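The values are calculated or read from the model by the stated rules, or taken from the named source; none is laboratory data. Values in this document were obtained by computation on a predicted structure and should not be read as measured data. All Cβ positions, even for glycine, are placed from backbone atoms using ideal geometry, and neighbour counts span all protein chains on display. Accessible surface areas use protein heavy atoms only, side chains included; no ligands, DNA or RNA. Shrake-Rupley method; radii C 1.70, N 1.55, O 1.52, S 1.80 Å.
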Amino acid sequence: MATLDPHLQSIYEVVLRRNHGEQEFHQAVFEVFESLAPVVRKHPEYADNQVLERLCEPERQVIFRVPWVNDAGEVEINRGFRVEYSSVLGPFKGGLRFHPSVNLGIIKFLGFEQIFKNALTGLPIGGGKGGSDFDPKGRSEREIMAFCQSFMTELYRHIGEYTDVPAGDIGVGGREIGYLFGQYKRITNRYESSVLTGKGLGWGGSRVRKEATGYGTVFFADEMLRARGDSLDGKRVAVSGSGNVAIYAAEKAQELGGTVVACSDSGGFVIDSAGLDVTLLKHVKEVRRERISAYAAQRGSATYVAGGSVWDVDCDVALPCATQNELGEDAAIRLIKNGVTLVAEGANMPATPSAIRALLGAGVLFAPGKAANAGGVATSALEMQQNASRDSWTSEYTEARLGTIMRGIHERCAGAADEFGSPGNYVVGANTSSFVQIADAIIALGVI
Ligand code: NDP
Ligand code: 2IT
């Protein structure tokens, strides 16, 4: 484990004590702190104003009971969360995750990451995250709706277009946002379009929002390669996951000339020697809501491997797009051995700290999630702009805006990495550049 500068270490020890057992949250804080020694040396006013101590404590954390009735007529009880982490740059903004693994520490890590990611977009959005330990797998349409309605029956009092604007994440897509928005509208008697993003295109959603996280991750990877006179053309790409982020990362990677040779889900992975048929994958996952084993069964060039790791597949570019800590040190070493040259995180914190160290040590280009997957939340902010002006932009215009934002984030990260003495290190670039912006705003707004 790396060590921290003594001032940062003392603050980190308080974080460990006050947030007992929340490993993912500790990891996210440590990863940011590791980059900050040169920043706190250059800016003594941050220590004088207790900026880090303030940043590590969420503004508000809400935990609530979500009672609902399943198809067997039984009452089920889940736990709901919304961590409103920081609103110095704008209303709290970040997704909702429905997955059985969800707990307070996971929501806090995601909310903490979101503050930095949202700052990097250059758009006026603060950071937050929420969700529930509800498991949507195998539930009927009616059960999903009943759960979403009960969840919103409590959440509505904490959110609003100027307060907190949730969106999707694992287990929450367009269908769930629809039920959540409907219940918010019913309770409040307000058609407050920008209280949620990721809405359907016919009722206030933005074109390209569904595609934005995956597309943005690939735009960022492409930009890293272009800065080195290279491109995605002809590269073999492996993607983990087969959800919203993975599908559209695969689509854009192939549009830019790559061949996506593999994807996965929590049950196993698919190798497709001909390159993924993204139209078929979308049909299997988005329309039929089936597993990737069903994709392989319908595609002659594909093989499904139950269990195992997608990171065993030979590739030039790896895009982890499933979940936190899915790419450990062993997997990183196998990727390096198999010739990977670039890893860009479509998911939030998918690579463990030791995996990142191994990749950077081997000279692999590495893009942290808070930079590479910021296209999703950036397009959410574009959805809020469209809602505020009662407008609806074309796909071409919206995708062009997304491309400009991702290039801007790349430039900003590369510049900050140079400024703080780690050229080419996008982890340092993303953490330092966003931190300076947030820290200055914390001081400017006073002790609140
Ligand atoms: P989805 O629910 O659409 O897809 C999640 C995918 O990841 C599924 O293939 C799922 O497999 C797999 N997965 C989830 N949990 C695990 C696990 N514990 N082990 C193995 N595989 C797992 O979610 P998204 O695509 O929206 O999100 C993926 C990642 O991207 C998350 O880290 C999320 O926080 C991040 N992200 C999402 C954004 C968005 O706009 N949606 C924006 C920025 C980041 P299975 O179906 O088998 O569970
Ligand atoms: O992790 C993320 O950035 C998201 N799940 C998207 C958040 C958003 O508000 O669009």
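Ordered from highest to lowest accessible area with the whole protein assembly present and a 1.4 Å probe, K129, K282 read as K282, K129.
Placing one equal scatterer on every Cα of the stretch 283-338 and applying the Debye formula, the log10 ratio I(q)/I(0) at q = 0.20, 0.24, 0.25 Å⁻¹ is -0.90, -1.07, -1.10.
State the answer as a single residue: which of A378, A400, A388 lies farthest towards the positive end of the charge dipole of the stretch 350-405, with beta carbon charges of +1 for Lys and Arg and -1 for Asp and Glu, about the Cα centre. The residue sitting farthest along the positive end of the dipole is A378. Rounded is the label for the chain, because a/c, from the alpha-carbon gyration tensor with a ≥ b ≥ c as root eigenvalues, stays below 1.5. Only Lys, Arg, Asp and Glu carry charge here, each on its Cβ (+1 for the first two, -1 for the last two); on that basis the stretch 2-124 has a dipole of about 200 debye about its Cα centre.
Only Lys, Arg, Asp and Glu count, each charged at its Cβ (+1, +1, -1, -1), so figure out the dipole size of the chain about its Cα centre, rounded to 20 debye. Display every interim value, and only then the final one.
Details: 45 positive and 53 negative charges, 167 e Å.
Dipole size: approximately 800 debye.
When you restrict to C-alpha pairs under 8 Å that are six or more residues apart and normalise by the size of the chain, the relative contact order lands at 15 percent. Farthest towards the positive end of the charge dipole of the chain, among the residues L342, H410, G182, is the Cα of G182, using unit charges on the Cβ of Lys, Arg, Asp and Glu. Across the stretch 231-241, coupling constants 3J(HN,Hα) worked out from phi with the 6.51/-1.76/1.60 Karplus curve, θ = phi - 60°, read 7, 7, 4, x, 7, 8, 10, 10, 10, 9, x Hz, and Gly and Pro carry x. Couplings 3J(HN,Hα) of the stretch 4-20, computed from phi: 9, 4, x, 5, 5, 4, 5, 5, 4, 5, 5, 4, 4, 5, 7, 10, 4 Hz, in residue order, whole Hz [Karplus 6.51 cos²θ - 1.76 cosθ + 1.60, θ = phi - 60°; x for Gly and Pro].
Once a ≥ b ≥ c are taken as the square roots of the eigenvalues of the Cα gyration tensor of the stretch 359-448, is the result rounded (a/c under 1.5), prolate (a/b larger than b/c) or oblate (a/b not larger than b/c)?
oblate
Take each peptide in 389-399, 262-272, 367-377, count the other Cβ atoms within 10 Å of every residue, and average; sorted highest first, the result is 367-377, 262-272, 389-399. When you restrict to C-alpha pairs under 8 Å that are six or more residues apart and normalise by the size of the stretch 1-151, the relative contact order lands at 24 percent.
Sorted largest first by accessible area at a 1.4 angstrom probe radius, with every protein chain in place, the residues E59, E251 fall in the order E59, E251. Computed with a 1.4 Å probe over protein heavy atoms only, the accessible area of K185 comes to about 80 Å².
For the stretch 84-145, the Kirkwood estimate of the hydrodynamic radius, built from every pair of different alpha carbons, is 12.4 Å. Solvent-accessible area per residue in the stretch 275-369 equals 39 Å², computed with a 1.4 angstrom probe and all protein chains kept.
Rolling a 1.4 Å probe over the protein chains gives F219 an accessible area of about 40 Å².
Among the protein heavy atoms of the chain, carbon and sulfur supply 50% of the accessible surface, probe 1.4 Å, non-protein parts ignored.
Figure note: H283, H99 ranked by solvent-accessible area, largest first, 1.4 Å probe, ligands and nucleic acids not counted: H283, H99.
Based on Cβ point charges of +1 for Lys and Arg and -1 for Asp and Glu, what charge dipole magnitude is obtained for the stretch 316-448 about its Cα centre, in debye rounded to the nearest 20?
Values: 8 positive and 13 negative charges, 22 e Å.
Computed charge dipole of the stretch 316-448: roughly 100 debye.
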